[in-house]
Amino acid sequence: MGIPIPEFKVLLYGPSFHAAGIRARAHFDGESLAISAHNGSFLVPSHLITLRTGGFDGRQWLITWVAQEGTYSAMLQNEAALRAFVLLAPASIGRQLQRIRGGRARNGRLRRFALLLLALLPLLGVGLYTFQADRLKQWAATRIDLERERQLGDMAYAQIQPALKPLDRGVTTAAVENIGNRLTAESYYHYHFHVVVDPGINAYALPGGHIVVNTGLIEATNSAGEFAGVLAHEISHVEQRHTLRKLVTALDWRAVLGVALGNYSSGLWIDMAERLGHVAYSPAQESEADLDGLDILRRAEIAPNGMETFFARMAAKTDATRPVLLSVHPAEEVRLAALRATIVRQPRDDVYPINFDWELARSGL
Ligand SMILES: [Zn+2]
């Protein structure tokens, strides 16, 4: 065995790839970036590389280059990949790194400006705030970084935890974690999958990566693929920051500014989880979670049909057994049709079965 080449994981986007991106590994070979994916490899001279920030909240690092057939970009998938990239990048990329870090310093100045604004708000008057409330909240939401979002999620989960009855650890919790980890292998978030004893057919996500799964949902799914589909939908509410925006919408404006500025010291958080429960996702967010959920399934190499068959079966229920999940996730015909159309368009290669018996997984209930 030789010495392993120091490398980092990326999600690769390009003209010939599926829009969800493909998993790839990268390392530097002298002055060139070498990327290998299952269907080919690239060697990109570093002078062709442009670094920029982008991704779902504008904070991910993207390595981009233009080839004859179009533009490629490789997204650094997590903090470890970012650290490895910074460590391994040749000096010629150093200048670009400095420029991006300069951009981060400007964000620091913006934060100080926001602090000043917070101090002045009482003087500016409540009228101004009321007029600008939504814009101010949305602005604040974009300023919340992943670490603060995680803290918020932990606080919200701590509030609901006393009312939850966790299922004893065993085959069922192991199966949920197995599927959850497979779906979130590349995420920036650290997920916690909490299985709770509750007959309601439901699962819900909190900001920062806490996902609560009722035993009732596990009972109602006919296969590991169906369960993975519902879980992928919930995960995408976190990945797309719908849960965070929902929380920001529900919160008091002082709490919103407080969280944007990293101030958790006030008592404004006491009913956070309760407020969160009263705000629904928008229909547009639900559709986005469906389609992004399909991308999550695809990247995890899990067949996408399960999400559609489960939502369709639940939507057909008109009696009292119609699940709680659907009061939050209206699975109307339009949404199901969009799901079916997208699934039909997806190629069926690179899909691998989930390797365990769902009946066995459910035997722990
Ligand atoms: Zn949803």
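Values computed for the structure shown
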| quantity | calculated |
| --- | --- |
| R340/D168 FRET efficiency (R0 41 Å; Cβ-Cβ; nearest 0.05) | 0.60 |
| Segment A20-R99, extension gain: residue separation times 0.36 nm, minus the distance between their alpha carbons | 25.6 nm |
| Residue order, fewest to most beta carbons within 10 Å, for M307, M75, M272 | M75, M272, M307 |
| Set of lysines with alpha-carbon distance to K137 below 29 Å, sequence-local pairs under 8 removed | K246 |
| Straight-distance crosslink candidates among aspartates and glutamates, where the alpha carbon sits under 13 Å from K165 and sequence neighbours closer than 8 are dropped | D198 |
| Stretch gain in nm, segment V351-S287, where the contour uses 0.36 nm per residue and the Cα spacing is subtracted | 20.7 nm |
| Sites V66 and L43 - FRET efficiency at Förster radius 22 Å, r taken between beta-carbons, to 0.05 | 0.90 |
| Fewest-first ranking of I22, I211, using other Cβ atoms within 10 Å as the exposure measure | I22, I211 |
| Order of E186, E31, E226 - criterion: other Cβ atoms within 10 Å of each residue's Cβ, fewest first | E31, E186, E226 |
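FYI, it's all coordinate maths here, none of it is from the lab. For clarity, every value in this text was computed on a predicted model and none was experimentally measured. Cβ: placed from backbone, ideal geometry, glycine included. Neighbour counts: every protein chain shown.
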